[in-house]
Amino acid sequence: MDTLHPDLEAYLAELDGVSANTRRARRADLAGLSRWWAEERGRAFDPALLAERDVRAYLQQRQVADGAAPASINRALSTGSRCWAWLVQTDRARENPFTPVGAVPQDPPAPRKLDPTAVDALLRAASDEPDVTLRRCNEALLSLLIYAGLRSQEAADVQLRDLDLDGRTVTVRSGKAGKFGRVPLHADAVRLLRRYLTELRCPDGMPAAGSPAERERLLGVVESTRPGRPFRAGISTRTIRHRFMVIATRAAAQLRAAAQKKPRLDKATKLREAADDLETASPHALRHSLAYRLLDDGASLAAVQRIMRHSRGEQTLRYATPNSRDLKDVIDRSGGV
């Protein structure tokens, strides 16, 4: 780990409410700037002496000589601006040299999605689980992530009373920024959730309206370490991520096995690419995938915005932007010369 100037160490020590990854990234940004300045000036780095021209020269070095991506450069710029604002506030520096320097323009990245082949493989892998209790749990979880586009925390927070299978909706009470919303459910999701309720979650029927049991969490976990592997209501986002990873790993293996049996190279390649995507995906990719599927199927931006519960149309418009895989597919379909 790089040893930084005491003032920079003091800034990092004062950071509150940031993750370990964010803290490491900011340290790396400050260490990179410190090394560059020391090499250029031939002396130990002093934050109080950093000037605007130094900042511009450093960012130029990162962009031209190092070939750093705009996102990386802008992150370093943001780190420096935050740090020197604190240094000025604590009388460790006179001015913030980052303030006049604008960010490097960059195209907003398209949200990551999973190909329909990968999504289908997830559902098939979940249904292939030997343990029937875990199988029903996995199917219920995926039905909310794939067909309703719920975020992990939203899925974990769904209560029994939030589910209206006859009306084909699920209510989200704790959405992003505390937003409340009602999301329509696909017929396949209704089928999977109904089977989960009748066979596992509520085999004796749904709890009475207004009862405490009605406010219990919909999803739950299988306590594999206890005799009989009992089911318990309630699930954490960490468990959701772990369960998704297990299902995705199994689905990826099944896709790779299928690719080995494909005589056509193009179809085998598609299956391997879907497997690659699954091995590095997160549950949130299923939310993005739903928005892409809706637009691909001809849904209007207004309809997608309502279903995804976006407060601004710009959020939905991102899904009309092709990602790198989309562009590659367009080139592949164009044919050879």
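The values are calculated or read from the model by the stated rules, or taken from the named source; none is laboratory data. Because the structure is a prediction, the values reported are computed rather than measured. Note: ideal-geometry Cβ built from the backbone for every residue, glycine included; neighbour counts use all protein chains shown. The accessibility values were calculated without ligands, DNA or RNA, using every heavy atom of the protein model including side chains. Shrake-Rupley method; radii C 1.70, N 1.55, O 1.52, S 1.80 Å.
Just the residues that are part of a loop (DSSP other than H, G, I, E, B) and open to solvent by 50 Å² or more (accessible area, probe 1.4 Å), please, taken from region 47-68. Correct list: ASP66, GLY67. Restricting region 199-215 to residues that are open to solvent by 60 Å² or more (accessible area, probe 1.4 Å) and touching a Leu at 6+ places or on another chain (Cβ under 9 Å), the residue that is farthest from VAL158 (Cα to Cα) is PRO203. Counting only residues that are touching a Pro at 6+ places or on another chain (Cβ under 8 Å) and under 18 Å from ALA291 (Cα atoms), region 157-212 holds 1 of them.
Quick grid of which residues meet (1) modelled with pLDDT of 95 or more; (2) aliphatic (A, V, I, L, M); (3) under 22 Å from the mean Cα position of the chain (by Cα):
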| site | (1), (2), (3) |
| --- | --- |
| VAL104 | no, yes, no |
| PRO108 | no, no, yes |
| ALA121 | yes, yes, yes |
| ASP128 | no, no, no |
| LEU142 | yes, yes, yes |
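The requirement of being free of Cβ contacts under 8 Å to residues at least 60 places away in the same chain and of a type in the set (D, E, K, R) is not satisfied by ARG217. Picking from residues in region 71-102 that are small (Gly, Ala, Ser) and assigned to a loop (DSSP other than H, G, I, E, B), the one that is nearest to ASP7 (Cα to Cα) is ALA93. Counting only helices (runs of 4 or more DSSP H) that sit wholly inside region 103-188, those with at least 1 residues that are touching a strand residue (DSSP E or B) at 6+ places or on another chain (Cβ under 9 Å), polar (S, T, N, Q) and surrounded by 15 or more Cβ atoms within 10 Å (Cβ to Cβ) are 132-142. When you scan region 1-34, how many residues do you find that are open to solvent by 30 Å² or more (accessible area, probe 1.4 Å), modelled with pLDDT of 90 or more, over 12 Å from THR79 (Cα atoms) and assigned to a helix (DSSP H, G or I)? Looking only at that region, the number is 4. Only residues that are free of Cβ contacts under 8 Å to residues at least 12 places away in the same chain and open to solvent by 60 Å² or more (accessible area, probe 1.4 Å) were counted across region 311-321, and they come to 2. Scanning region 274-310 for residues that are of a type in the set (Gly, Ala, Ser), open to solvent by 40 Å² or more (accessible area, probe 1.4 Å) and outside any helix (DSSP H, G or I) yields a count of 3.
Listed residues ARG250, ARG229; which is crowded, with 17+ Cβ neighbours inside 10 Å and not hydrophobic (A, V, I, L, M, F, W, C)? Step through it out loud before you land on a result.
Details: ARG229 fails: crowded, with 17+ Cβ neighbours inside 10 Å.
Selected residue: ARG250, the only one of ARG250, ARG229 that is crowded, with 17+ Cβ neighbours inside 10 Å and not hydrophobic (A, V, I, L, M, F, W, C).
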